[in-house]
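A.B. asks: Sharing a structure here in structure tokens format.
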Amino acid sequence: MNYSQAEKYLSSLVNREKTKKVKYPKSLDHFRKFLKDINNPHKKLKGFLIGGTKGKTSTSHIIDEICRSEGYSTGLFTSPHLTSYRERIKINGSPISEESFASLIEELSKVKRNLSVFETLTALAFLLFKRKGVNYSIFEVGLGGRLDATNVFEPKVSIITSISLDHTEILGKTIQEIAREKAKIFRMNGINISAPQKVEVESILKEEVRGNVEFVKDYEVISVSEEGTVFKLSGDEFHIGPIGRFQALNASLSITACRKAGIPLDVNRINKSLSGMRIPGRFQIIRKKPYIILDGAHNIASIRVLKRAIQDVFGRTVLLVFSCLSDKDLHGMLNEIKPIVKRIYPTRIYSTRARPFEEIISTSRELNMKVAKTVGEPFIDFKKAISESTSRDIILVTGSFYLLGDILRKA
């Protein structure tokens, strides 16, 4: 099996990320049986499990960077990807090779059990990390927590980033229901760390593990600029490449988690490593004059912190290339970002779950935003925004990781 055949095989499986009406299994028993068939590779791993609503991918990447800066080998599993499945599975910071990916997919395909795409990729990561003998495995939860395939992993440290409303059609209509789903990645006798949460969420997280959770609150943001973010944590000053006040929180969670895991940390080494890191699709500046920023913000909470980062770094309005999925709060997201938008370029996403192009246009107009004339083709509309910009403009592409991927594949 070669890489294109591996991709074709994955396309034959259930892909809940692309399904309009997502139906999850009632338990993880079927996945555990599959893992037993391949000798339970996940049981040989140690490391970190990261859930939450926003910030979990950044936190996962930062933990990976910290561990490697201290000389440990790592396996990193994140989702979604922008242009290739290989982005989701990394060894020591590098994506899995096409040859290894294809070989492992072929091996897993011979186990006759019905898995989804995400479960297959999770099993692949377990198998790869075990065979590579990595010191630390870092797994980002895909969705929720309780029924996510990554939750069969027994972490050394469980981390929950900021929780807000998202995927309400699957996880629950209230933030309390969502918190209960995500809290299931905590372990009663494990090390559990959380971002500051709303009072009702903190209460649920504490209840899940009888108070055995530490909320990281003692960080202080010093500055946010194009060069990154500077903050203090427990008296130490850190400079990280990722941009935004929220990244100071993600880094604080990461540093705390590594310390709790017993990893001896050198502040100077961490700063040297983190100051140069960038995270794809997270306030990713890909060009200047005009500035082009890619960010996968896809709910109101993440749009809010993205807006704050734009204000902190640039202090001026943007040309917004925007689309989103049909299950997202279109009106809420556009209303949140509207104050910093000079002109919006509505477009669409190549997905069965995409919000109709016409709805994005009509909602933009209802909000009295200045709407550019676009055709509903991501790359064409993106190029139009560039052609109508000046060297001082900021072009912001956001609303969905799918939109970023659609543009990057043609860029």
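Residue-wise test of (1) surrounded by fewer than 24 Cβ atoms within 10 Å (Cβ to Cβ); (2) assigned to a loop (DSSP other than H, G, I, E, B); (3) basic (Lys, Arg).
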site	(1), (2), (3)
80	yes, yes, no
106	yes, no, no
119	no, no, no
122	no, no, no
131	yes, no, yes
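A.B. asks: Output the residue which, of all residues in segment 329-354 that are assigned to a loop (DSSP other than H, G, I, E, B) and touching a Lys or Arg at 6+ places or on another chain (Cβ under 7 Å), is farthest from residue 308 (Cα to Cα).
C.D. replies: Of segment 329-354, the ones assigned to a loop (DSSP other than H, G, I, E, B) are 329, 347-353.
With the extra rule that they be touching a Lys or Arg at 6+ places or on another chain (Cβ under 7 Å), the set shrinks to 351-353.
Details: 351: 29, 352: 31, 353: 28 Å.
Among them, the one singled out is 352.
A.B. asks: Please name all residue pairs, on different chains or six or more residues apart, with Cβ atoms under 6 Å, provided the first residue is in segment 1-13 and is within 9 Å of residue 106 (Cα to Cα) and the second residue is at pLDDT 95 or above and surrounded by fewer than 16 Cβ atoms within 10 Å (Cβ to Cβ).
C.D. replies: Sorted first by the residue in segment 1-13, then by its partner, the pairs are 1/106.
A.B. asks: For segment 239-289, give me each residue that is charged (D, E, K, R) and touching a Lys or Arg at 6+ places or on another chain (Cβ under 7 Å).
C.D. replies: 245
A.B. asks: If you don't mind, another one. Test each condition in (1) under 24 Å from residue 75 (Cβ atoms); (2) at pLDDT 95 or above for residue 111 and report the one that comes out false.
C.D. replies: So residue 111 meets the others, but not (2).
A.B. asks: Something else now. Find all pairs meeting these conditions: Cβ atoms under 8 angstrom apart; at least six residues apart or on different chains; first residue within segment 207-224 and assigned by TED's automatic domain parsing to the domain that holds residue 251; second residue exposed (fewer than 12 other Cβ atoms within 10 Å of the Cβ) and not in a strand (DSSP E or B).
C.D. replies: Pairs found: 209/188; 210/188; 212/188; 212/189; 218/234.
A quick yes/no check of all residues on (1) aromatic (Phe, Trp, Tyr); (2) in a strand (DSSP E or B); (3) surrounded by fewer than 22 Cβ atoms within 10 Å (Cβ to Cβ):
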{"residue": "146", "(1), (2), (3)": "no, no, yes"}
{"residue": "154", "(1), (2), (3)": "no, no, yes"}
{"residue": "178", "(1), (2), (3)": "no, no, no"}
{"residue": "189", "(1), (2), (3)": "no, no, yes"}
{"residue": "196", "(1), (2), (3)": "no, no, yes"}
{"residue": "210", "(1), (2), (3)": "no, no, yes"}
{"residue": "217", "(1), (2), (3)": "no, no, yes"}
{"residue": "232", "(1), (2), (3)": "no, yes, yes"}
{"residue": "249", "(1), (2), (3)": "no, no, no"}
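A.B. asks: Going by the conditions given, is residue 204 outside any strand (DSSP E or B) and assigned by TED's automatic domain parsing to the domain that holds residue 150? Walk me through how you get there before you give the answer.
C.D. replies: On the way: outside any strand (DSSP E or B): yes; assigned by TED's automatic domain parsing to the domain that holds residue 150: yes.
Judged against the criteria, residue 204 is a match.
A.B. asks: Same structure again: Among the numbered criteria (1) under 19 Å from residue 299 (Cα atoms); (2) surrounded by fewer than 16 Cβ atoms within 10 Å (Cβ to Cβ); (3) modelled with pLDDT of 95 or more, which one does residue 352 miss?
C.D. replies: Against the list (1) under 19 Å from residue 299 (Cα atoms); (2) surrounded by fewer than 16 Cβ atoms within 10 Å (Cβ to Cβ); (3) modelled with pLDDT of 95 or more, residue 352 comes up short only on (3).
The values are calculated or read from the model by the stated rules, or taken from the named source; none is laboratory data. Everything numeric here is computed off the predicted structure, so don't read it as measured data. Note: ideal-geometry Cβ built from the backbone for every residue, glycine included; neighbour counts use all protein chains shown.
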